[in-house]
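Below is one structure, written out as structure tokens, with a few remarks after it.
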Amino acid sequence: MFDYKQSPGSQGILKHPRYVFTFVLIVMVGVPAYPRDSKGRTAPHPPPATRGNSSRDAVVAVFRSLEKAEQTGDGKLYLSVQSRRKMGEAGEKFIQQLSKGFPPDPSVRYTLIGVRIRNDHAAVLGKITRSTSSAPQYYLGKLVLEKGAWKIAEDLLDQRPIDASALEAAIPPVGGAFSHSGSPWKKVPYAGINTKWFKENQIDWKLQATADESFLYIRFESKTPLPAPGTEIPRTDKAEGIPPSPNVMVIRTAGGKNFSLVLSSNPMTRATFDEAGRATSNRFFVQYSFALKNPAGATLFSDSTRDTFDPLIAVQDRFLDPRLPLKCLSVETAGSSIEIKEANSLAKILPYQVATFLR
């Protein structure tokens with residue numbers, strides 16, 4: 001069984017390059033994995049993260065293993081750097097097929113852009129070029145330590161450059177004073193509502209926000225409970241079971257930069273397949289996501305409740321809680337001025353000045 005991520009209105013994963021298959025190699029190669037003789041060949045493993053080999057070197061070695069696997073068509077090498085969870089999601093039949101190899105592409109080159117590590121989590125950002133394509137691809141991989149070796153837990157490919165802030169978001173900082181205090185939202189004031197143009201029963205969401213030395217914390221409170229992430233929904237043309245989302249919000253920092261925060265409630269498709277690889281059914285489950293965009297409308301990074309790797313969004317009861325690393329907003333110090341307002345000219349929620357949380 002494979003899980004594919006979809007955004008509202010999407011017709012499939014291939015039309016949305018920010019979402020990738022369970023195994024990114026299918027997208028990179030662009031063709032099915034063809035059997036080839038692998039007799040006598042053993043897949044070299046990247047070095048473990050030990051004292052003699054720094055964690056950064058070991059993370060980069062995984063990135064280089066992906067490059068070599070594609071250059072040589074070595075499916076076993078590719079599989080050797082995948083996490084247990086990804087291997088489990090792929091299924092034994094797919095693993096056996098890929099381990100036989102696939103058409104090599106010696107022209108492939110992986111260029112390292114950046115690495116970020118925190119304890120047993122890491123992320124690598126890179127660019128992929130090949131002679132068969134005039135346009136490069138951009139890669140963001142999230143890694144986790146398993147028995148002393150770095151393994152790929154999640155990965156993403158995009159035709160567009162991936163902003164460096166995505167690397168910061170992939171391995172976010174440790175929570176600051178607000179999270180250390182147990183996230184006491186009762187101490188955080190609500191944003192005002194536009195009673196001049198709207199009645200209270202027309203306001204679907206309330207807003208709170210605060211910041212500490214690590215994050216901008218935002219809370220959207222719905223009038224009714226939200227379906228928990230992973231709740232199965234009866235997917236129809238009317239999107240039955242998908243809760244509404246807050247309006248687009250604009251975050252303005254002291255440096256004069258504006259960012260757009262776009263929140264979505266998404267149906268996640270889960271397909272089952274028969275032995276011949278044909279899809280036999282589709283089931284749908286609600287998930288929540290957000291994207292942070294720059295003034296030009298380009299996505300800097302995104303995250304969803306399906307993320308099992310330091311997720312930056314959580315949903316519980318009536319509350320939808322995204323948190324944004326301050327560095328991703330180009331905010332270097334706690335206490336910097338941050339304002340949140342609706343992008344709509346006729347806003348239901350009035351502009352809100354974020355206060356720094358004090359213990």
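The values are calculated or read from the model by the stated rules, or taken from the named source; none is laboratory data. This is a predicted model, so every value here is computed, not measured. Positions of Cβ are backbone-derived with ideal geometry, glycine not excepted, and every protein chain shown enters the neighbour counts. Side chains included, ligands, DNA and RNA excluded: accessible areas come from the protein's heavy atoms. Shrake-Rupley method; radii C 1.70, N 1.55, O 1.52, S 1.80 Å.
Largest to smallest in accessible area, the residues R118, R56, R219 fall in the order R56, R118, R219 (1.4 Å probe, all protein chains included).
For D310, no residue 5 or more places off, or on another chain, has a built amide H under 5 Å of its own. For the stretch 246-252, backbone phi angles converted through the Karplus equation (6.51, -1.76, 1.60; θ = phi - 60°) give residue-by-residue couplings of x, 5, 4, 10, 10, 10, 10 Hz, Gly and Pro being listed as x. Accessible area per residue was computed with a 1.4 Å probe on protein heavy atoms; M249 scores about 0 Å².
Largest to smallest in accessible area, the residues E89, E275, E200 fall in the order E275, E200, E89 (1.4 Å probe, all protein chains included).
For K142, the lysines whose Cα comes closer than 18 Å to its Cα, not counting residues fewer than 8 places off in the same chain, are K5, K86, K127, K151.
Compute the signed sum of charges (Lys and Arg +1, Asp and Glu -1) over the other residues within less than 15 Å, Cβ to Cβ, of A209. Around A209, the charge tally is +2.
P246: net charge of surrounding residues, Cβ under 13 Å, Lys/Arg +1, Asp/Glu -1, itself excluded? Taking every Cβ under 13 Å from that of P246, the sum is +2. Neighbours of K93, meaning other residues whose beta-carbon lies under 14 angstrom from its beta-carbon, give a summed charge of -2 when Lys and Arg score +1 and Asp and Glu score -1. Heavy-atom accessible area for R85, with the other protein chains in place and a 1.4 Å probe, reaches approximately 100 Å². Amide H contacts under 5 Å for F301: L292, restricted to partners 5 or more places along the chain or on a different chain, H placed in the peptide plane at 1.01 Å from N. S134 sits with roughly 130 Å² accessible to a 1.4 Å probe, with DNA, RNA and ligands left out of the calculation. In a DSSP loop and with at most 14 other Cβ atoms within 10 Å, the GluC sites (Glu not before Pro) in the stretch 296-351 are E332.
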